[in-house]
Structure formats: structure tokens, C-alpha cells
1. When the residues of the stretch 325-361 are filtered to those that are among the aliphatic types (A, V, I, L, M) and part of a strand (DSSP E or B), which remaining residue is farthest from the chain's Cα centre (by Cα)?
2. With (1) at pLDDT 85 or above; (2) touching a helix residue (DSSP H, G or I) at 6+ places or on another chain (Cβ under 8 Å); (3) farther than 30 Å from Phe242 by Cα as the list, and Cys343 as the residue in question, which single condition is left unmet?
3. Please tell me if Glu138 is open to solvent by 50 Å² or more (accessible area, probe 1.4 Å) and either in contact with a Phe, Trp or Tyr (Cβ under 7 Å, 6 or more places away or on another chain) or in a helix (DSSP H, G or I) (or both).
4. Please count how many residues of the stretch 298-324 are part of a helix (DSSP H, G or I) and either open to solvent by 40 Å² or more (accessible area, probe 1.4 Å) or not small (Gly, Ala, Ser) (or both).
5. Cβ-Cβ below 6 Å, separation at least six or inter-chain, first residue in the stretch 246-269 and farther than 22 Å from Asn206 by Cα, second modelled with pLDDT under 85 and in a strand (DSSP E or B): which pairs?
6. Scan the stretch 170-198 for residues that are open to solvent by 30 Å² or more (accessible area, probe 1.4 Å) and either in a strand (DSSP E or B) or in contact with a Ser or Thr (Cβ under 9 Å, 6 or more places away or on another chain) (or both) and jot them down.
7. So, of the residues in the stretch 336-367 that are of a type in the set (A, V, I, L, M) and open to solvent by 20 Å² or more (accessible area, probe 1.4 Å), which turns out to be nearest to Ile322 (Cα to Cα)?
8. Has the stretch 229-241 got any residue that is crowded, with 24+ Cβ neighbours inside 10 Å and among the aromatic types (Phe, Trp, Tyr)?
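The values are calculated or read from the model by the stated rules, or taken from the named source; none is laboratory data. Just so we're clear, the structure is a prediction, and the values are computed from it rather than from any experiment. Here the Cβ positions follow ideal geometry from the backbone for every residue, glycine too, while neighbour counts run over all protein chains shown. Surface areas here come from the heavy atoms of the whole protein model, side chains and all, with no ligands, DNA or RNA. Shrake-Rupley method; radii C 1.70, N 1.55, O 1.52, S 1.80 Å.
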Amino acid sequence: MFAFVRIRNIWSLLAYGYTMGKINLVSMLINIAILVYSVLHFDDILGKGLWLFLFLVFVNIVWQTKSILEDVVSLFRYPEYNFDNHRFIEHIDLAEETKETYDHMVKNDDHHVYAIYSSPVNICLQGDDEIALSEIKETKTSLKDYIEQNKETLLLFLKTKWHQSQRATFFNEKKLCMKSELTETSEGKYCVKVCRGNYYNSFVTNEIYCKRLFHNDKSTYIYPPMNPFSEKIQPLSRDSSFSDHIGASTLVLTTDGYVIILSHNNRTAVHPNTYQPTCSGSADYADWQRLRKANITSLRAFVKEVVKRELFEETKIEGASIDHIEVTGFFRDLVRGGKPDFCTVTYLSISLDEAADLFAPDKKEVNNKLVSKKVRSREGFDFTAFDRFIDDNAGSVSPALYMSYLFMKQRLQPEKGKPCEQENGPSNL
């Protein structure tokens, strides 16, 4: 299994290096084609200077092969940097347009959760109004310009993470990215614009927003070009230089009133060694393709499709055991450059014991340990045990779990689901 992960990690970095222009195979392939053609059609093109021409083509191929090998070696050479633990939370600020859209900020230093959300958006998500996804085509974008202009620095961050992830999955999968806020159309309907992206683009934009690299010998730092000092959190837009791939999480609720939590190990790419929701992941472009082929363009249906896939991948709980899924909220993770994430509650049609019998976690990322907390009895919902669990595990609760739990409480027990917010609404941290 680890051999497969290693090979796929290598292929992902090679392919991404090629797209960024660090590995150029085109010229060499053209020269090889010319050489092969000349040899096969020697009689037709025989004439003065042919041997000199072939010699020059051969030398050019050798030189380009040498250059490509040097580029590949450089791409995979272990960088002399490591990620520094310091994060620049206090410097994160929101653009004025962002403050107008989001009316709540969650700031919890104990759990390292810094997020914004909008109550009207969450109410809309919980309702029945149609919300359509509309895909926009990839063209020349601010994101592509940003990566092209800063590729040397961004590759240094990517290579450092790649070398630190050799026993973990660090694949460059195709993702669906969110390119607009929830907007109301002229017909009174709601719409969200999306586009195709990939995880490495998100890593070199969203994921490193609050990170920096520390040189092991020179005691110097490298900051990403977009960081809290230089870039405010902007509204979701096709003009954004952030990739903004969509995340989705769920808390499973069994028929006997238990919520299931997962304990992730150090091979998890994001927030390792933390407690996380029953499933938490990102939206693959393939999820969107499947629904679109079935003529389904609903945002809620898409989020539920992602949750079902992630739930099966991480726990092996199948759709047959699911009664229904409810979207409970949407937030943006400020530490990850305002990355968009949806939260849900999945109501199972089976008990905790039956779910435990099905439970077969993905051991690449999840510890073989099922954690459960009782939240519902005959008298109704009571989150006391879950609250105690959150308080007792400061620093070990992922933002996805914290926000999923917050939205679950707000939905199922509104008077108890009050977050730790800034008094005057969104502002800088």
C-alpha cells in the first residue's frame, strides 16, 4: 500500500512540475521525431549536409535529456527548509466586501479555529429553496497568473510538503472549486459558480496562506507571496488568486442517539493527530461529473454526494445504512485563506452497535478507534457529553469537527448552539 502511495506521490509531483514549466519534454520529443523520421526516410532526404543535420539533432536531444534530468533531480531534491509552527492569526484581516457577506466570526484559540460564516446563508442551506451549481470554464485566470509569476517560491513550499508526506497521501487530484458566494439570480433563485481545479493549486494558495518556511542552517524565513500581511480574505470569486476547493464534513447520528467521531493519525494530510468528524474531505471533480451526467445540478445534492463517498471511504458505512443527510452550515477557514467548507449531519437507519460492526476505517489516515458521544435521548437532545469532550481535548479537535458540531447544535438545539464570536461581527483577528 505504501509503495502505491509513494509511486502516486512521485507521479503527481512530476506531472505538476511539467504543467508549471519546470520539466519541458516537448522540444525533446520533437527532435526525437525528426531524428526517427530522418532515419526511416533516409533515401528520400539524402543530400548534402544530411549527416551534419542528424548530428546536430542528436546533440540537441542529448543536451535536452541532460537538462530534463537536471530539472527532475532539482524537483525531487530535498529542500533545506522545514515548515515553521508559527501562524499569523493576529494579522488575518477581511476585505470590506467579505465583512458585508459574513456576519459571524468564530475565534477559538484553544482549538485553533478561526472561521467566518453567515447566518442567512446557513438558513438558506437548511431550507428548501433551489440552489444550483453553475460551472464556469477554465480560462486565463488570476490564479494561473499568480502561480506562473511565483512558481519558484511556490514549488519550494510544495516540495517541502511532498518530502514530508512520503508515508501519507499527497496526490494532485482534480477538485471542484467554489468561484462565487451564494448569490440570488434575477429570477429569484440561488446559484453558486464552480470550476475545475486541482489539489496542488489549492496547496500553494489556500493551504500555505498562514505558513512559512524556516531554513535549517541559515535561520532565515520564506513567506508565501499571499499571506496575512499582504492579502486580506476576499469574497469567493472567479477573479480570486486562491484555488478555494470545496470541503465537506459530516457528523453521523445513529438511531439510538450517538454521534461518531474519528481519530486521525499523523499520515492525514490536513490536521494530523486530531479528532475529526465521521468523515471530512474535499469535493472531487468526479463527484460533480457524476451528478451532472444525471442532470442534477443542486448544491445540496452535490454536498450530500461528496459526504456519501467520503463516509464510505473513511468508515465503510454504505448508503444503505443512511436514512437522510441534512446540510447544516457553511463556513470559510481563515487559516487556509478562506477555504470554503460545508457541514452536514448524516442520520443513519442503524444503531451504534450496528454501525460499529460495519466500521472499517481507512488505516492510512484513521486510527482503528471509534469514538462516540450520546447526544439524544427520549427527552430530546443533550450535548453535555459532547461539550465535555470538546473541552477536554483542547488542541486535538480539528476545525472541521468544531464547526460541524457548532452547526449541528445550532440546528438541533438553537438556544445552546452559540459560538465564541467577535462582539462586533467580522473584523481582523
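1. This residue is Leu348.
2. (3)
3. In short, no.
4. The first filter runs over the stretch 298-324 and keeps only residues part of a helix (DSSP H, G or I), leaving 299-315, 319-321.
Filter once more, keeping what is either open to solvent by 40 Å² or more (accessible area, probe 1.4 Å) or not small (Gly, Ala, Ser) (or both): 299-300, 302-315, 319-320.
Qualifying residue count, the stretch 298-324: 18.
5. Partner pairs satisfying both residue conditions: Leu262/Val366; Ser263/Asn367; Ser263/Lys369; Asn265/Asn367.
6. Across the stretch 170-198, the qualifying residues are Asn172, Glu173, Lys174, Leu182, Thr183, Glu184, Tyr190, Lys193, Arg196, Asn198.
7. Here the residue is Ile350.
8. No, the stretch 229-241 contains no residue that is crowded, with 24+ Cβ neighbours inside 10 Å and among the aromatic types (Phe, Trp, Tyr).
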